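Quick notes on the structure that follows.
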């Protein structure tokens, strides 16, 4: 059995799955870590601070220290660990290497190889954090039971992960699944965080929905409960929408039209069995799914029309679940 490219390699075939695996989801502020049984049972989870000082040079050292301490505490030998999966907030290539990760201060880092070297040679696999979240939802979350899954994370931006045949589609440069930067409006004048204009996330993220609402309030002469809201947020818009507010309904319709159309484009490329919607905006629940799916069905290619829509269920744990699923491949 081969480990991740870039990680350590076991000398002999492994005849049976080892008992334990670790998932590490590295964020700009904290690293979420999970100790799992390889059956998929989460035994324990905890966090450590992400030390981005000196261009993040201590991050992998700190992760290794935390893992070794847990192995000592639980009396787990390295021979009992199937592997370590690690999610990184940036593109990761097939060798488990990062060319640049601004959030961590990294330039080129051979993540899988370096962490394996710090961890007794235990095999390590590394992947983009959004991709491993999608893998986690496929394995034990909202996409469980399906092998062809697109996860869409609606938060400050729009993240995505594409799973085909149970495997992550990372692409040649590790940027597969960056659906938030599909151009939806070439006439947009405001600039997206990526430096371009008219990206999906400018309309269908939490910040994008709030932006649409502020635009609607500036243009509308109708009375709306949003006039009395101190801060326009995605939650405030959906609360007003559920209460039957007409202005909020118009905003949600525009939001859903852009997202549904964007996912119809994705469906023509990935043809998923199911879209799993997560992130803060997904707390709007079934009304969100209904609004988006209505547009999707009307606009997508006929052969893709029956794709299902579901809410993500693992929350912030999706990443650590996906990291462990990564090492089971």
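Read the figures in this text as sums done on the coordinates, not as results from a lab. Since we're looking at a predicted model, the values are computed, not measured. Using ideal geometry, Cβ is built from the backbone for each residue, glycine included, and neighbour counts are taken over all protein chains shown.
For the chain, adding -39500 (n - 2.57) for each run of n ≥ 4 DSSP H residues and dividing by the number of residues yields -11000 deg cm²/dmol at 222 nm.
The coefficient of translational diffusion for segment 109-162, derived via Stokes-Einstein from the alpha carbon Kirkwood radius under 10 °C and 1.306 mPa s, stands at 126 µm²/s.
Highest-first packing order for the peptide set 205-216, 185-196 is 205-216, 185-196, based on the mean count of other beta carbon atoms within 10 Å.
The Cα-based radius of gyration and maximum Cα-Cα distance (Dmax) for segment 156-224 are 15.4, 50 Å. The separation of segment 81-145 from segment 251-284, counted between C-alpha centres, amounts to 25 Å. Of all DSSP beta bridges confined to the chain, the antiparallel ones make up roughly 55%. Rounded to the nearest 10 degrees, the angle from helix 246-270 to the longest Cα principal axis of the chain is 50 degrees. Computed across segment 149-313, the Kirkwood hydrodynamic radius from all distinct Cα-Cα pairs reaches 16.1 Å.
Taking the C-alpha atoms only, the angle from helix 129-140 to the longest principal axis of the chain is near 80 degrees.
Against the chain, whose longest principal axis is taken from its Cα atoms, helix 206-219 shows a tilt of about 10°. One quarter of the convex hull surface built on the alpha carbon atoms of segment 91-192 amounts to 8.3 nm², the projected area averaged over directions.
Computed from the alpha carbon atoms alone, the convex hull of the chain holds 142 Å³ per residue.
Peptides 286-299, 43-56 ranked from most to least packed give 286-299, 43-56, packing being the mean of other C-beta atoms within 10 angstrom over each peptide's residues.
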